[in-house]
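Participant: For reference, the structure I am asking about is given below.
The values are calculated or read from the model by the stated rules, or taken from the named source; none is laboratory data. Computed from a predicted structure; not experimentally measured. Neighbour counts run over all protein chains shown; Cβ positions are idealised from the backbone, glycine included. The protein model used for the area step is the full one, side chains on, heavy atoms only, and it has no ligands, DNA or RNA in it. Shrake-Rupley method; radii C 1.70, N 1.55, O 1.52, S 1.80 Å.
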Amino acid sequence: MKKFLMAAAAGTLAGIVVTTQVAAPLLAQEAEKQTNVYEQLDLFGDIFERIRSQYVEEVDEGELIEAAINGMLTSLDPHSSYLSPQDAADMRVQTRGEFGGLGIEVTQEDGFVKVVSPIDGTPADNAGIEAGDFITHVDGESVLGLTLDEAVDLMRGPVGSEIIITVVREGEAEPFDVSIIRDTITLTAVRTRTEQNAVILRVTTFNDQTYKNLEEGLAEQIEAAGGADKVSGIVLDLRNNPGGLLTQAIKVSDAFLDKGEIVSTRSRDPQDGERFNATAGDLANGKPIVVLINGGSASASEIVAGALQDHHRAIVVGTKSFGKGSVQTVMPLRGDGAMRLTTARYYTPSGRSIQALGVSPDIVVEQPRRSPDTEETEENPRGTRFEADLRGRLDNDSLSEDERKQIEEERARAEASAKLREDDYQLAYAIDILKGLATLGGPAQ
């Protein structure tokens, strides 16, 4: 017994020694780290004083501090930044659904401004700016070496004023200039219409109005069609949607899901992670859904596409999405400014992160580039002739007037489909899928 107690005491003593030996170096390392931080802050103060007193021109001290803060944030990732009081106010206006500018969502790549997507119906969209374009100059001034916020500031200006941006586009041999007139951008978050018995929900952004617009627009289209039985399905068009509010992405996903996880977020501290689940109720009443995405679909739109895809609630069609799988939190700061900081990554219901990977469509469908130089002027370019064209043909006397009318209506629908295929091949493809599913009596299993 005495040996056992002695052994236990020796073990306890050894444990104290080991703990002391481990803790002491850790405390020393922490103290050294704090010392290095204070030394770096002193260095910053020295540089600030030198610039303020010796720079060739007098500097604005406030702007100097703001530039230092923004540099610290932008060094983290492309989506973290400092928002001046004016920028913070602009952001609040934008989330409400109205803001001033060109109407493009941008990021930074290789030092240049890259267009994530133009917003439908805005000056940039009307001027032909496309997702994937690089903006190298603004009014002749290079954006190389500028932060993203500085480049965006160059593109801001009074409503009605002209701006000339220089664009580099894949497939174009030389950069080219585009003239755009700045305007107040009033966003309609969701535009709705019906094409060939399919309800098209074109979601352009995720702001405070998105879910409300979607719910009201879908109800109006169903009523105009004569009831849900007259609707073959829904096309949720998220192409060139740059994202927006996480809360709205969750609501839009929940609109078509009865249960299950929509998205989860994971922060550096595991305790700060969150899961968001669907509630009962499906606005589409089980109708088949096709989601359209492309390289301009980012952030919140990827959350929706990923959730509906993982739950097999929709078929995703188009091309790979942008791949922004991070969450930014806007934190108010003193002086009415704010800090946009990346605080988490989000994951689809299956547990996959789409950061830098994007959402891969179930069916890859490229959108053919429009060729303005090519225009069909002949009704029948190949000179094909039909029986009806032959002189002295026999008449078809086996059809009643109603049957003839039905055939003519079917032919008109087919011609409308062909026209839509020329205007928007991806959308026409999505509608064709819904037709096939309706013919089979429901979504494919």
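Participant: Cα-based Rg (one decimal) and Dmax (whole number) for segment 103-183, in Å?
Facilitator: Cα radius of gyration and Dmax of segment 103-183 are 11.5, 33 Å respectively.
Participant: Tell me, what is a quarter of the convex hull surface for the C-alpha atoms of segment 222-311, in nm² with one decimal? Before the final figure, lay out each step's value.
Facilitator: Numbers: hull surface 27.1 nm².
Over every viewing direction, the Cα hull of segment 222-311 projects on average to 6.8 nm².
Participant: Rounded to the nearest percent, how much of the accessible area of segment 182-254 (1.4 Å probe, protein heavy atoms only) is carbon and sulfur? If you can, show how the numbers build up before the last one.
Facilitator: On the way: 1180 of 2820 Å².
Carbon plus sulfur share of accessible area: 42 percent.
Participant: Moving on to the next point. For the pairs K287/K419; K33/K114; K230/K251; K405/K435, note any where the Cα-Cα span goes beyond 28 Å.
Facilitator: K33/K114
Participant: Hey, another quick one. So what are the ³J(HN,Hα) numbers for segment 116-121, from phi and the Karplus equation (6.51, -1.76, 1.60; θ = phi - 60°), rounded to whole Hz, Gly and Pro as x?
Facilitator: 6, 5, x, 8, 3, x
Participant: Further, regarding this structure: Sorted by mean Cβ packing within 10 Å, highest first, what order do the peptides 172-185, 75-88, 234-247 take?
Facilitator: 234-247, 75-88, 172-185
Participant: Taking amide H positions as placed in the peptide plane 1.01 Å from N, state which residues far from V327 in sequence (5 or more) or on other chains have amide H under 5 Å from it.
Facilitator: Sorted by chain and number, the residues that satisfy this are T343, A344, R345, Y346.
Participant: Whole-Hz ³J(HN,Hα) for each residue in segment 54-60, computed from phi via Karplus 6.51 cos²θ - 1.76 cosθ + 1.60 with θ = phi - 60°, x for glycine and proline: what do you get?
Facilitator: So the J values, rounded to whole Hz, are 10, 4, 4, 10, 5, 10, 7.
Participant: So, how do all the Cα-to-Cα distances of segment 61-165 break down into 5 Å bins, in percent, from 0 on up?
Facilitator: In whole percents, the pair-distance histogram is 2, 11, 20, 25, 23, 14, 4, 1, 0.
Participant: Ordered by packing density, taken as the mean number of other Cβ atoms within 10 Å over each peptide's residues, highest first, how do 126-132, 62-68, 199-205 rank?
Facilitator: Values: 126-132: 17.6, 62-68: 13.1, 199-205: 25.6.
Result, highest mean Cβ count within 10 Å first: 199-205, 126-132, 62-68.
Participant: I'd like to know how segment 177-242 sits against the 2.2 N^0.38 Å rule of thumb: what's its Cα Rg over that expected value? Display every interim value, and only then the final one.
Facilitator: Working: Rg = 14.4 Å, N = 66, 2.2 N^0.38 = 10.8 Å.
Compared with the compact-globule rule of thumb, segment 177-242 sits at 1.33.
Participant: Residue by residue through segment 283-295, which ³J(HN,Hα) values in whole Hz follow from phi under the Karplus form 6.51 cos²θ - 1.76 cosθ + 1.60 (θ = phi - 60°), with glycine and proline marked x?
Facilitator: Residue by residue, segment 283-295 yields 4, 8, 6, x, 4, x, 10, 10, 9, 9, 9, 8, x Hz.
Participant: Still on this structure, I have one more. Mind listing the long-range amide H neighbours of S142? Cut-off is under 5 Å, sequence gap 5 or more, other chains count too, H placed in the peptide plane at 1.01 Å from N.
Facilitator: Those lying under 5 Å, H to H, from S142: there are none.
Participant: Which of the peptides 261-267, 158-164, 119-125 is most tightly packed, and how do the rest follow, judged by the mean count of other Cβ atoms within 10 Å per residue?
Facilitator: On the way: 261-267: 19.1, 158-164: 11.4, 119-125: 20.9.
By packing density, highest mean first, the sequence is 119-125, 261-267, 158-164.
Participant: Keeping every protein chain present and rolling a 1.4 Å probe, give me the accessible area per residue for segment 93-242 in Å². Before the final figure, lay out the partial values.
Facilitator: Working: 6670 Å² over 150 residues.
Accessible area per residue: 44 Å².
Participant: Using a basic spin-label model with each label point 7 Å from the Cα along Cα→Cβ, how many nm lie between E150 and E49?
Facilitator: Here the modelled spin labels are 2.6 nm apart.
Participant: Name the residues whose placed amide hydrogens come within less than 5 Å of the amide hydrogen of G233, ignoring near sequence neighbours (fewer than 5 apart) on the same chain.
Facilitator: V199
Participant: Using alpha carbons only, how many angstrom separate the centre of segment 30-65 from the centre of segment 185-232?
Facilitator: First find each Cα centre; the distance between them is then 54 Å.
Participant: Could you list the square roots of 5 times each eigenvalue of the Cα gyration tensor of segment 211-366, that is, the equivalent ellipsoid semi-axes, sorted largest first and rounded to whole Å? Write down the numbers at each step before the final one.
Facilitator: Details: eigenvalues 159, 62, 47 Å².
Result for segment 211-366: semi-axes of 28, 18, 15 Å.
Participant: Moving on. Could you work out how far apart the two model spin labels at Q86 and D177 are, taking each label as a point 7 Å from the Cα in the direction of the beta carbon, and quote it in nm?
Facilitator: Going by the 7 Å Cα→Cβ label model, 2.5 nm.
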